[in-house]
Amino acid sequence: MISNMKKLFSALAFIAFATAPLFAQETMEEVNPNAPAFEWAETTHDFGTIPQGVPVTNKFSFTNTGKEPLIISNVQKTCGCTVTDWTKEPIMPGQKGFVAAEYNAAKEGPFTKAITVQSNANTPNVKLYFKGTVEKAEQTGSVPEENTIFNSNN
């Protein structure tokens, strides 16, 4: 009897694992045809060469091409070198919104950063990228040499 129960349990477990992908696939295909949708003007922005210590900002603009209001719930950044802002109120179908990223440009050299936009859109997480190269700032404000008795030409 115990042997039969083990066989039955094994058979049920096999059926459950074998059919799970079928059910998962079915739910993945169920997409709201009226869901809000992003249409981005650009998803990657190249700042080119920028001076060190001078923050730069890009506004990623988009249009809601869906049939329901689009709501951005959060914008995640990957480091403390970036500040984000975005349209806080719902974006109605056909209307425009933005996600802004400001990079502090403190560190010299090339950079590539990403921010992740979280929303109720048909694609709920969208990555936006910005890149460039920070050029080392030239030394300014150095102390001028003073004429003293030690360096005078007398």
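Nothing in this text is a laboratory measurement; each read-out follows from the coordinates by a stated rule. This is a predicted model, so every value here is computed, not measured. With ideal geometry, Cβ positions are generated from the backbone for all residues, glycine too; neighbour counts draw on all protein chains shown.
With label points built 7 Å along Cα→Cβ from the Cα atoms of Thr43 and Glu135, find their separation and express it in nm.
The answer from the label model is 3.1 nm.
Show which lysines lie in cross-link reach of Lys77 when reach means a straight Cα distance below 27 angstrom and same-chain residues fewer than eight apart are skipped.
Lys77 reaches Lys59, Lys88, Lys96, Lys107, Lys113, Lys127, Lys131, Lys136.
Run the simple label-point estimate for Lys127 and Ser73 please: 7 Å along Cα→C-beta, distance reported in nm.
With each label placed 7 Å out from Cα toward Cβ, I get 2.0 nm.
With labels modelled as points extended 7 Å from the Cα through the Cβ direction, what inter-label distance (nm, one decimal) is found for Thr65 paired with Thr116?
2.4
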